[in-house]
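The values are calculated or read from the model by the stated rules, or taken from the named source; none is laboratory data. Keep in mind that what you see is a predicted model, and the values were worked out from it rather than measured. Ideal geometry is used to build each Cβ from the backbone, glycine not excepted, and the neighbour counts take in all protein chains shown.
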Amino acid sequence: MTRTPPGAPGAPQTEFGDESIDFGFRTVRRADKSELVRDVFDSVASRYDLMNDLMSGGVHRLWKSAMIDWMAPQPHQTLVDLAGGTGDISLRFLRTGGGQAVITDINEAMLAAGRQRHEFTSLGGRVRWCVGNAESLPFETASADRMTIAFGLRNVTDREAAIAEAHRVLKPGGRFLCLEFSQVNSAMLARAYDAWSFNVLPRLGQLVAGDGDSYRYLVESIRTFPAPEVLADMFAGAGFAQVRVRRLSAGIACIHSGWKLD
């Protein structure tokens with residue numbers, strides 16, 4: 001998948017210098033990004049799960065299942081699900097043998113939409129909901145067995161801080177898995193994927209969620225996200241060992257996995 005080169009139409013600009021950060025193809029003040037992201041998900045929360053199915057043809061379910069299968073949940077494990085939104089990952093974790101899950105998200109509207117899902121009613125005290133910033137988590141050091149983030153890391157302002165927080169909160173022997181959109185490794189597929197992403201998805205977002213601009217940002221944020229090799233280096237830099245990458249659907253998505261050994 002090609003990235004928009006700096007200086008090209010639609011490419012991020014650098015008017016704010018060192019205080020700038022990407023927000024899709026725009027550049028904004030670093031201090032403003034979390035509020036802009038919050039506005040996006042406030043707008044789409046009520047239609048988020050439906051739009052995921054429509055945008056991916058349901059394939060996102062297979063990707064999430066692949067991450068859970070790789071994790072192999074166990075009854076004694078506690079999961080902290082970062083940017084957990086409406087709880088898709090935690091629900092799969094609990095249904096496939098996990099013990100307890102804490103769904104944390106910076107966006108209260110997303111958590112509120114998740115609480116309304118009838119699938120959680122039978123899980124009782126095995127699930128908790130927590131408003132929290134992935135860059136500064138409200139959890140004790142070495143308190144979780146597993147941590148996940150699915151399609152959320154690209155929306156975090158300081159990704160390295162979020163990965164470092166995951167390492168801090170995990171127990172020794174704990175594991176962090178990140179599922180995120182990535183770079184298509186077929187030129188023909190990349191062209192079709194770009195056409196679908198930029199031409200169809202914003203219109204679909206406008207029709208279904210009443211907000212085409214938010215889905216345009218979400219598409220752009222995929223294109224500005226680090227390459228798999230760069231993200232793997234960020235895992236290693238935070239202290240994770242045995243870092244592995246699995247590419248899914250010709251690279252449309254990737255799972256990164258790392259272990260906290262001590």
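Observations, loosely collected:
- Applying a threshold of 7 Å to beta carbon distances and a minimum spacing of six or more residues, or different chains, the list of pairs starting in region 217-231 at a residue that is closer than 15 Å to Asn199 by Cβ and modelled with pLDDT of 95 or more and ending at one that is outside any helix (DSSP H, G or I) and acidic (Asp, Glu) is empty.
- Gly85 vs. criteria part of a loop (DSSP other than H, G, I, E, B) and either farther than 22 Å from Gly258 by Cα or touching an Asp or Glu at 6+ places or on another chain (Cβ under 6 Å) (or both): yes
- In region 232-262, the residue that is surrounded by the most Cβ atoms within 10 Å (Cβ to Cβ) out of those that are modelled with pLDDT of 95 or more, part of a helix (DSSP H, G or I) and in contact with a helix residue (DSSP H, G or I) (Cβ under 8 Å, 6 or more places away or on another chain) is Phe235.
- Selection within region 205-242 - touching a Pro at 6+ places or on another chain (Cβ under 6 Å) and closer than 30 Å to His167 by Cα: none
Here is a yes/no grid of residues against (1) closer than 29 Å to Val28 by Cα; (2) assigned to a strand (DSSP E or B):
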| site | (1), (2) |
| --- | --- |
| Glu140 | no, no |
| Arg146 | no, yes |
| Thr157 | yes, no |
| Ala164 | yes, no |
| Gln183 | yes, no |
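- Residue check, Ser122 of a type in the set (Ser, Thr, Tyr), closer than 26 Å to Ser249 by Cα, at pLDDT below 95 and surrounded by fewer than 22 Cβ atoms within 10 Å (Cβ to Cβ): no
- Qualifying residue in region 110-132 (condition: assigned to a strand (DSSP E or B), in contact with an Asp or Glu (Cβ under 7 Å, 6 or more places away or on another chain) and not hydrophobic (A, V, I, L, M, F, W, C)): no
- Number of the condition not met by Val184 [criteria: (1) over 28 Å from Arg146 (Cβ atoms); (2) out of contact with any Leu (no Cβ under 9 Å at 6 or more places or on another chain); (3) surrounded by fewer than 19 Cβ atoms within 10 Å (Cβ to Cβ)]: (3)
- Checked against the criterion of being assigned to a helix (DSSP H, G or I), under 30 Å from Pro202 (Cβ atoms) and either in contact with a strand residue (DSSP E or B) (Cβ under 8 Å, 6 or more places away or on another chain) or of a type in the set (Asp, Glu) (or both), region 65-76 has at least one qualifying residue.
- Residue count for region 217-231, restricted to those that are touching a Phe, Trp or Tyr at 6+ places or on another chain (Cβ under 9 Å) and either among the small types (Gly, Ala, Ser) or surrounded by fewer than 19 Cβ atoms within 10 Å (Cβ to Cβ) (or both): 2
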